[in-house]
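Peer 1: Supplied in structure tokens, the structure appears directly below.
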Amino acid sequence: MDGAAQFFIGAGGALAGYIIIGIAAAIGKIVGGLLLHFKFDHFILFMIKIRKKNKGFSIGLCDPQPYISCRMTDPKDTRMRNLIYGAFSMAVALFFTETACFQIWGTKLMPKNIFTMSMAMVMVGYTFVLMVLLAFNQKQKADSGAAGIMRREYERCYAAIREGRAPAELEIQTVAYTGKLTDLSVYKKYLLMLYYHFLDQGDYDSLRNVMDEMEDHVPDKWSRGEISSLCEFVFYNVIIQPNEGKAHFYGTSFLAKMEGNEEANIKRVFAYWLYFVKKDKGAALQIAMEAMKAVGSYSLTGCRDMEMRFIEALIKRIEQTSS
């Protein structure tokens, strides 16, 4: 067998090991989450995303990710519950790894060749990475400083909103950004929870401060996973604090990323964009009606009343200006 063939066989084994452990870790999270009564949120397989909806599940595409991941939310969110949840993921991955290694070098039920050796080595390495990540994540969440607070507050608020709590009802502890790149992604999600909180309350002074902070961390290139934040940049600059330049700036990226997204918040922002920016009352009314129908299946259950208020306000304005 020539070198090229051996390389591709070995690469195939490595990919198989990577996928096996990724799926095993996800299975562990699902099993552990169900035992602890967590709520399923989403599962990502590279660029395929399965998300829990109000009734059933939705399957769609997301930005390509170099990993397999599963997320479940904890309505109680305690350190011990999160540790057990993470341990299940690691335990299942470790079981798959030990089984494969034992069958290759122990019972020899699996042939020892380039494919299986590559697969086993990747499985061992990936499992070790999961163990390190579990310890690292638990340390971050347990941190009494800003990094730990923002993580706990984000996860608590996100789970509460998914369970049906209105953002306005939440009490959110405010913290400043740590300045560490490892905290940035969580901090941006935390800021979005704050944004929903003040938007739902109608506290536009506080909302302006949050938006200013969010603007300090705008990415060079938006991903589909950031569409919820991106759409609020558009909404804020279209109706809350009108700024035509910023509305067009963020609107360009929003229009490119929103294609195929049927969530109520995306349609709500698009309807406002059509009415206030494009001056197209007919199209705005059509999208607003679609947004109203989508509210009942919006994944952030606690935001549904807020979404409906903004959608109804736009429809009322369109009808009044059309008469």
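Peer 1: Of ILE239, VAL129, TYR154, which is farthest on the positive side of the dipole of the chain, counting Cα position, with +1 on Lys and Arg Cβ, -1 on Asp and Glu Cβ, and the Cα centre as origin?
Peer 2: Highest projection toward the positive end goes to VAL129.
Peer 1: Once the Cα gyration tensor of the range 115-217 is diagonalised, what are the square roots of 5 times its eigenvalues, in whole Å and ordered largest first, as equivalent ellipsoid semi-axes?
Peer 2: Numbers: eigenvalues 239, 45, 32 Å².
The equivalent ellipsoid of the range 115-217 has semi-axes of 35, 15, 13 Å.
Peer 1: Okay, next question. Tell me, what is the 1.4 Å probe accessible area of GLU319, in Å² to the nearest 10?
Peer 2: 110
Peer 1: Give me the lysines in straight-line cross-link reach of LYS293: C-alpha distance below 20 Å, same-chain residues under 8 apart excluded.
Peer 2: LYS52, LYS53, LYS55, LYS267, LYS281, LYS316
Peer 1: If you don't mind, there's one more thing I want to ask. Taking only Cα atoms of the range 46-181, what ratio of Rg to Rh do you get with Rh as the Kirkwood inverse-distance radius? Before the final figure, lay out each step's value.
Peer 2: Working: Rg = 19.3 Å, Rh = 18.1 Å.
When Rh is taken as the Kirkwood radius, the ratio is 1.07.
Peer 1: Tell me, what are the semi-axes, in whole angstrom and largest first, of the equivalent ellipsoid of the range 83-140 as set by the roots of 5 times the Cα gyration tensor eigenvalues? Before the final figure, lay out the partial values.
Peer 2: Values: eigenvalues 143, 26, 7 Å².
That gives 27, 11, 6 Å for the three semi-axes.
Peer 1: Please quote Rg/Rh for the range 207-274 to two decimal places, taking the Kirkwood radius as Rh and restricting both calculations to Cα atoms.
Peer 2: On the way: Rg = 11.0 Å, Rh = 11.9 Å.
On the Cα set of the range 207-274, Rg over Rh gives 0.92.
Peer 1: Using Cα positions and a limit of under 23 Å, work out the lysines in reach of LYS180, with same-chain residues fewer than 8 apart set aside.
Peer 2: Those lysines meeting the cut-off are LYS139, LYS141, LYS188, LYS189, LYS221.
Peer 1: Please give the charge dipole size of the chain, origin at the Cα centre, charges +1 on K and R Cβ atoms and -1 on D and E Cβ atoms. Round to the nearest 20 debye.
Peer 2: Details: 38 positive and 33 negative charges, 166 e Å.
Rounded to the nearest 20 debye, it is 800 debye.
Peer 1: If N is the number of residues in the chain, what value comes out of its Cα radius of gyration divided by 2.2 N^0.38 Å? Provide the component values of the computation, followed by the final result.
Peer 2: On the way: Rg = 22.9 Å, N = 323, 2.2 N^0.38 = 19.8 Å.
Normalised Cα radius of gyration, the chain: 1.16.
Peer 1: What value in Å³ per residue do you get for the convex hull of the alpha-carbon atoms in the range 235-323?
Peer 2: Numbers: hull volume 8.1 nm³, N = 89.
So the per-residue hull volume is 91 Å³.
Peer 1: Equivalent-ellipsoid semi-axes (√(5λ), Cα gyration tensor) for the range 19-60, whole Å, largest first?
Peer 2: Numbers: eigenvalues 60, 56, 5 Å².
After diagonalising the Cα gyration tensor, the semi-axes are 17, 17, 5 Å.
Peer 1: Under a point-charge model restricted to the Cβ atoms of Lys and Arg (+1) and Asp and Glu (-1), what is the dipole moment magnitude of the range 145-231 relative to its Cα centre, in debye to the nearest 20? Working shown, then result.
Peer 2: Working: 11 positive and 15 negative charges, 86 e Å.
Computed charge dipole of the range 145-231: roughly 420 debye.
Peer 1: For the range 243-252, in order, what is each residue's ³J(HN,Hα) by Karplus, 6.51 cos²θ - 1.76 cosθ + 1.60 with θ = phi - 60°, in whole Hz (x at glycine and Pro)?
Peer 2: Calculated HN-Hα couplings, in order: 8, 4, x, 5, 4, 5, 4, 6, x, 4 Hz.
Peer 1: When all alpha-carbon pairs of the range 1-105 are counted, what percent fall beyond 19 Å? Display every interim value, and only then the final one.
Peer 2: Values: 2994 of 5460 pairs.
Counting pairs separated by more than 19 Å, the tail of P(r) holds 55 percent.
Peer 1: Using Cα pairs under 8 angstrom and six or more residues apart, how large is the relative contact order of the range 176-266, in percent? If you can, show how the numbers build up before the last one.
Peer 2: Values: 52 pairs, mean separation 18.9, N = 91.
Relative CO of the range 176-266 lands at 21 percent.
Peer 1: Roughly how many Å² of ILE240 are accessible to a 1.4 Å probe, to the nearest 10?
Peer 2: Rounded to the nearest 10, the figure is 40 Å².
Peer 1: For a quick size check, give me the Cα extents of the range 253-301 along its three principal axes, largest first, whole Å.
Peer 2: Result for the range 253-301: principal-axis Cα extents of 30, 23, 14 Å.
Peer 1: Divide by every residue of the chain the summed helix terms, -39500 (n - 2.57) for each DSSP H run of at least 4, and state the resulting mean residue ellipticity at 222 nm, rounded to the nearest 500 deg cm²/dmol. Could the numbers behind the result be given before it?
Peer 2: Values: 11 runs with 201 residues, N = 323.
Value at 222 nm, helices only: -21000 deg cm²/dmol.
Peer 1: Could you work out the relative contact order of the chain, using alpha carbon pairs under 8 angstrom and six or more residues apart, expressed as a whole percent? Can you show the working numbers first?
Peer 2: On the way: 428 pairs, mean separation 49.8, N = 323.
Normalised by residue count, the contact order of the chain is 15 percent.
Peer 1: Convex hull over the Cα atoms of the range 167-323, averaged projected area in nm²? Display every interim value, and only then the final one.
Peer 2: Working: hull surface 37.1 nm².
It is 9.3 nm².
Peer 1: Treating only the Cβ of Lys, Arg, Asp and Glu as charged (+1, +1, -1, -1), what charge dipole size does the range 1-120 show about its Cα centre? Round to the nearest 20 debye. The partial results should precede the final answer.
Peer 2: Values: 13 positive and 6 negative charges, 118 e Å.
Rounded to the nearest 20 debye, it is 560 debye.
Peer 1: Multiply the residue separation of PHE46 and LYS221 by 0.36 nm, subtract the distance between their alpha-carbon atoms, and state the gained length in nm to one decimal. Don't jump to the answer; show the numbers that get you there.
Peer 2: Values: separation 175, 0.36 × 175 = 63.00 nm, distance 1.93 nm.
Residue separation times 0.36 nm, minus the Cα-Cα distance, leaves 61.1 nm.
Peer 1: Then there's this: If you take the charge dipole of the chain about its Cα centre, with +1 on Lys and Arg Cβ and -1 on Asp and Glu Cβ, which of ILE287, GLY86, GLN6 is farthest toward its positive end?
Peer 2: Positive-most Cα among the choices belongs to GLN6.
Peer 1: Also, I was wondering about something else. Considering only C-alpha atoms, what is the centroid distance from the range 240-302 to the range 171-218, in Å?
Peer 2: One Cα centre to the other: 21 Å.
The values are calculated or read from the model by the stated rules, or taken from the named source; none is laboratory data. All values derive from a computational prediction rather than experimental measurement. Positions of Cβ are backbone-derived with ideal geometry, glycine not excepted, and every protein chain shown enters the neighbour counts. Accessible surface is based on the protein model in full, side chains and every heavy atom, while ligands, DNA and RNA are left aside. Shrake-Rupley method; radii C 1.70, N 1.55, O 1.52, S 1.80 Å.
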